[in-house]
1. Restrict the check to the stretch 213-224 and report whether at least one residue is open to solvent by less than 10 Å² (accessible area, probe 1.4 Å), hydroxyl-bearing (Ser, Thr, Tyr), within 24 Å of Lys372 (Cβ to Cβ) and at pLDDT 90 or above.
2. In the stretch 431-484, what count of residues is obtained for those that are assigned to a loop (DSSP other than H, G, I, E, B) and open to solvent by 80 Å² or more (accessible area, probe 1.4 Å)?
3. Could you pull out the residue among Ala209, Ala196, Ala204 that is part of a helix (DSSP H, G or I) and open to solvent by less than 10 Å² (accessible area, probe 1.4 Å)?
4. Give me a count of the residues in the stretch 357-366 that are out of contact with any Phe, Trp or Tyr (no Cβ under 8 Å at 6 or more places or on another chain) and open to solvent by 10 Å² or more (accessible area, probe 1.4 Å).
5. With (1) without any contact (Cβ under 8 Å) to a residue 40 or more places away in the chain; (2) within 17 Å of Asp304 (Cα to Cα); (3) touching a helix residue (DSSP H, G or I) at 6+ places or on another chain (Cβ under 6 Å) as the list, and Gln271 as the residue in question, which single condition is left unmet?
6. With the structure loaded, tell me whether Gly363 is at pLDDT 85 or above and farther than 21 Å from Arg239 by Cβ or whether it fails that test.
7. Within the stretch 383-398, track down each residue that is within 29 Å of Tyr429 (Cβ to Cβ) and open to solvent by 50 Å² or more (accessible area, probe 1.4 Å).
Amino acid sequence: SISRRCNEQWAVIGPMPNKPRVLVVGGQFAGKRVKLLLERSGFDVLLVDSKNFFEFTPSVLRALVEPGHIDKILIRHKTVVHGVVKTVRPAAASELQDPDNPAGRPLEVLIGEQWATFDYVVLASGSGYAAPIKPPLPSRQATCNGPCSSATSSRQGSGSSPSSPFAHQAAPASSSAGSNPPCSATHPQPLYTMSARKADLKAAAAEVAAASSILVVGGGSVGVELAAEIVGKFGYSKRVMLMSSQGRLLDRMPQKARRYAEQWLRDKGVQVVLGERLVQWPQAGHIRGKHSVTTASGQHLDADLVFNCTGYTELASDMCQALQAQAMGSGANGTMSSNPGRKGLPVLDTLQVKGQDYVFACGDLADLPHEKTAYTADLTANLAADNIIRLQQGRQLLHYPKDVSFLKGSGPPTVTVISLYKYDGIMQYNGLVITGPLAALSKAFVERVQLAVARGSWLATQLWLPLEGLITMLGRLLFTRYQV
């Protein structure tokens with residue numbers, strides 16, 4: 001059967017049939033954390049990612065002005081299957097009794113063109129953001145008009161490593177038409193690779209270097225940091241404009257942070273335009289070539305390059321969109337956020353996707369009413385992993401965010417660090433705001449340690465996990481009263 005063939009192919013990465021089997025979708029901060037914690041507790045974990053690398057996203061903006069930084073922030077996955085998860089659904093009654101599913105695993109998952117069964121699924125595939133700031137979302141389906149071999153499609157993933165047991169690839173063009181007749185089915189586009197990401201970032205960095213005027217649209221942390229990186233690197237040699245529809249920058253940060261960022265940018269020559277919206281919004285993440293945009297008030301701005309930094313876009317995959325539709329179709333009662341305009345999967349405070357007892361969501365993908373950062377991704381991953389362990393043991397589940405620390409609280413601590421190029425920055429820890437070189441140094445430290453953790457360093461992991469726990473615990477006590 002399909003399940004048996006799937007399990008045989010899985011021998012490449014060592015399945016453990018007698019252990020609870022967990023599928024983790026997404027290999028960034030939350031996904032790698034869940035995998036680490038569950039494997040420590042004896043679970044059989046398979047991590048699938050639509051790209052074959054980990055990226056330290058907070059440092060991508062530096063890479064856009066210093067291409068030499070690109071190699072430092074990308075790490076090729078080692079024990080991760082390169083593929084796309086298309087469907088997650090409850091196992092049919094017949095499947096629960098199937099000899100290929102002796103444990104009666106409750107979930108069926110379609111990975112590439114192969115079905116497999118799991119006890120739990122953790123969705124941590126993140127959210128989209130305009131290119132080039134984040135990698136593109138998993139490719140949509142495309143019609144295959146050439147020869148296609150079903151045998152080949154069950155073994156290899158397009159753009160994936162040879163050991164990937166689930167992903168699908170159309171047969172090479174050289175296949176004979178007689179043995180492989182034309183196929184009109186739909187298949188995924190090639191998966192995103194580390195070499196492709198490097199090429200995209202280098203091309204974007206070349207565009208930044210060549211442009212004489214750059215417009216950054218969006219006055220949140222990404223827009224502020226991108227404008228700061230550009231002006232910090234190139235100084236007055238480029239005209240840099242930063243536009244925000246809000247009347248102030250960093251709208252969700254304390255006043256000290258907002259004022260410091262705006263003054264820093266203005267002192268460096270950035271033209272800060274507040275309270276303005278564009279009449280026509282560019283479809284792409286960034287537009288090349290001489291471009292003129294018009295604001296709602298009639299102001300005209302000319303730029304060689306326009307960056308869209310207005311926030312997160314659609315969900316990371318068609319599968320996530322289907323789960324979102326199912327959850328919202330039954331109403332959002334009981335979920336962490338009942339705002340249908342938010343972009344994320346509706347989850348209960350146990351981080352279970354609404355209506356899915358064995359499917360959890362964490363990181364940027366979960367619809368939670370807080371800032372989407374690497375820190376909060378790790379917090380949600382910790383709680384999702386803990387709840388899977390508790391569910392397996394029949395214990396009471398924890399609730400987010402009050403149970404992220406043994407000191408109970410109503411929300412996670414706010415921890416944000418924004419670079420103002422290399423030697424300056426803004427760090428927020430609840431109501432405490434630290435500006436200047438210390439903030440920049442703290443971000444450099446976090447980058448170094450997190451990258452070491454992502455590479456599998458035992459020492460860095462032993463350092464980071466207790467430090468993160470201490471930051472979270474103290475965040476329940478210190479600087480908790482503040483206004484934005």
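1. Among the residues of the stretch 213-224, not one is open to solvent by less than 10 Å² (accessible area, probe 1.4 Å), hydroxyl-bearing (Ser, Thr, Tyr), within 24 Å of Lys372 (Cβ to Cβ) and at pLDDT 90 or above, which makes the answer no.
2. First, pick out the residues of the stretch 431-484 that are assigned to a loop (DSSP other than H, G, I, E, B): 431, 436, 455-457, 475-484.
Narrowing the set further to residues that are open to solvent by 80 Å² or more (accessible area, probe 1.4 Å) leaves 455, 477, 479, 481-484.
Residues meeting the conditions: 7.
3. From the options Ala209, Ala196, Ala204, the qualifying one is Ala204.
4. Within the stretch 357-366, the first condition is being out of contact with any Phe, Trp or Tyr (no Cβ under 8 Å at 6 or more places or on another chain), and the residues that meet it are 357, 361-362, 365-366.
When the remaining residues are screened for being open to solvent by 10 Å² or more (accessible area, probe 1.4 Å), the result is 357.
Count: 1.
5. (3)
6. Numbers: at pLDDT 85 or above: yes; farther than 21 Å from Arg239 by Cβ: yes.
So Gly363 fits the description; yes.
7. Asp386
Conditions tested, residue by residue: (1) in a strand (DSSP E or B); (2) under 28 Å from Lys233 (Cα atoms); (3) open to solvent by 30 Å² or more (accessible area, probe 1.4 Å); (4) touching a residue at least 24 places away in the same chain (Cβ under 8 Å).
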| site | (1), (2), (3), (4) |
| --- | --- |
| Lys35 | no, no, no, no |
| Leu38 | no, no, no, yes |
| Leu47 | yes, no, no, yes |
| Phe54 | yes, yes, no, yes |
| Leu61 | no, yes, no, yes |
| Val65 | no, yes, no, yes |
| His69 | no, yes, no, no |
| Lys72 | no, yes, yes, yes |
| Thr79 | no, no, yes, yes |
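The values are calculated or read from the model by the stated rules, or taken from the named source; none is laboratory data. It should be emphasised that the depicted structure is a prediction, and the values quoted were computed from it without experimental measurement. FYI the Cβ positions are ideal-geometry reconstructions off the backbone, even for glycines, and counts take in every protein chain you see. With ligands, DNA and RNA removed, areas are computed over all heavy atoms of the protein, side chains included. Shrake-Rupley method; radii C 1.70, N 1.55, O 1.52, S 1.80 Å.
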